[in-house]
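> Got a structure here, written out as structure tokens. Questions coming.
Read-outs throughout are calculated quantities, based only on the coordinates presented, and are distinct from any laboratory measurement. What you see is a predicted model, and the numbers here were worked out from it, not measured in a lab. Neighbour counts are summed over all protein chains in view; Cβ atoms, including those assigned to glycine, are modelled from backbone coordinates with ideal geometry.
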Amino acid sequence: MKKKVKLLGIILFAIVILFISKNTVQAKSYKIENMDIQATINQDGSVSIEQELTYKFNGSYNGIYINIPYNLEDTTFEEIEQESSIDDSFYNGTGIDVKGVYLMQNGVENQFTQTDYAYNGNNNVYTITKEYDMQQIKVYSPSEDTTKTFRIDYTINNLCVKHNDIGELYYNFIGGGWEVEIEKLNIDIYIPGNTEEINIWAHGPYNGVSKIIDNSHSNFKVENIKPGQYVATRVLFNNSNIPYAEKLSYIDAKEMVYEDENAIIENKEEKDAFTGKIIIFAVCLFVYWVILMLIFEKDKKYPISNLNEEELFEKYNPMLARMYPRK
């Protein structure tokens with residue numbers, strides 16, 4: 001009896017510890033419920049971006065930090081084991097100019113002040129740390145069990161490339177450095193004044209949707225982006241829209257881009273077809289197993305009077321067999 005009580009106590013203690021640990025993890029977490037990116041291609045090949053991020057905080061935090069890459073980090077071609085026809089270095093920007101950081105509350109913008117140094121507990125300030133291929137913006141805004149929306153305005157310089165035949169924007173708006181889940185992402189890309197046809201592609205999670213609104217506006221939507229995932233967009237447009245672009249490739253790129261993107265689409269179709277075959281095979285195997293069970297495991301009844309002792313032990317359990325005495 002004492003052993004049973006002791007064992008029960010250990011089990012209850014373990015359950016309590018697991019419950020406390022689970023709630024502790026849940027109490028200290030954050031995520032991005034919504035991210036909205038409005039990007040405008042400028043005539044000099046730079047891209048101006050207004051980025052709104054709605055954070056949900058569970059627990060106490062000193063603020064947020066955001067990594068903004070200006071080098072292309074798309075891993076799509078690595079996944080299909082093929083190199084891009086165009087050198088990735090063409091798509092790297094040359095730096096980021098941060099225009100402002102804001103906290104959006106009840107339709108009112110509260111602008112933060114840039115400072116060289118800040119410490120946990122400071123409020124309404126932000127710092128910028130420059131790396132070789134990105135900038136990290138740390139926004140100091142103490143938060144506890146609340147939802148906040150921040151907006152960051154910045155320009156990525158020399159991001160678009162001017163080819164002989166087309167202009168191109170190819171950029172991962174969500175780089176692999178993001179360490180938090182993004183529930184909903186919306187990206188709008190504008191090319192002011194463009195009147196000719198544009199082409200668009202998106203790389204990243206397969207649940208995304210890409211849409212051409214008109215010749216000057218494209219839209220990309222995707223949900224449930226996990227930490228470490230990429231979301232890249234590619235837009236082709238008339239190169240007359242970036243007359244002052246400094247980044248010139250001196251190549252005819254349109255057909256090369258088409259070939260690259262078709263290779264990505266074909267790879268995805270092959271993966272989908274293979275996955276479909278695996279699912280069909282698994283279903284058939286399960287149905288076959290069920291049929292075998294019905295045929296061979298069905299409980300067959302045998303007349304007891306016609307069985308000897310050996311047959312009883314073979315067809316029934318020993319307890320049932322002992323009910324019939326040896327003759």
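> Working out 0.36 nm times the residue gap between Glu246 and Gln38, then minus their Cα-Cα distance, what length gain in nm do you get to one decimal?
Fully extending the segment from Glu246 to Gln38 adds 72.6 nm.
> Then there is this: Find how much the distance from Glu223 to Met293 grows on full extension, using 0.36 nm per residue of separation minus their present alpha carbon separation; answer in nm with one decimal.
21.0 nm
> Turning to a different aspect of this structure: Arrange the peptides 192-198, 133-139 so that the one whose residues have, on average, the most other Cβ atoms within 10 Å appears first.
So the order, starting with the most tightly packed, is 133-139, 192-198.
> List the residues, sorted by chain then number, that are 5 or more residues from Lys184 or on another chain and whose placed amide H is less than 5 Å from its amide H.
Asn34, Met35, Asn224
> Using just the alpha carbons, could you tell me how many Å³ per residue the convex hull of region 159-199 encloses?
Per residue, the Cα convex hull of region 159-199 comes to 111 Å³.
> Let me ask you something else. If you rank Tyr91, Tyr61 by fewest surrounding Cβ atoms within 10 Å, what's the result?
Ordered by Cβ neighbours within 10 Å, fewest first: Tyr61, Tyr91.
> From the Cα trace of region 29-272, what convex hull volume per residue do you get, rounded to a whole Å³?
Considering the Cα atoms of region 29-272, their hull volume per residue is 129 Å³.
> What are the residues whose amide H is under 5 Å from the amide H of Asn71, where those residues sit 5 or more places off or on another chain and H is modelled from the backbone?
Gly93
> Chymotrypsin sites (Phe, Trp or Tyr not before Pro) within region 108-211: which are DSSP loop residues with at most 11 other Cβ atoms inside 10 Å?
Of the chymotrypsin sites (Phe, Trp or Tyr not before Pro), the ones in loops of region 108-211 whose Cβ has at most 11 other Cβ atoms within 10 Å are Tyr117, Tyr119, Tyr132, Tyr206.
> Given the C-alpha centroids of region 184-222 and region 106-149, what is the distance between them in whole angstrom?
Here the two parts' Cα centres lie 29 Å apart.
> Using 1/(1 + (r/R0)^6) with R0 = 30 angstrom and r between the beta carbons of Asn207 and Asn67, what's the FRET efficiency to the nearest 0.05?
It comes out at approximately 0.80.
> Structure shown: which of Lys31/Lys138; Lys162/Lys221; Lys162/Lys184; Lys162/Lys226 lie over 24 Å apart, alpha-carbon to alpha-carbon?
The answer is Lys162/Lys221; Lys162/Lys184; Lys162/Lys226.
> Oh, and also: Treat region 170-222 as a sphere of radius equal to its Kirkwood radius over Cα pairs and apply Stokes-Einstein at 25 °C in a medium of 0.890 mPa s; give the translational diffusion coefficient in µm²/s, rounded to a whole number.
Rounded to a whole number, D works out at 198 µm²/s.
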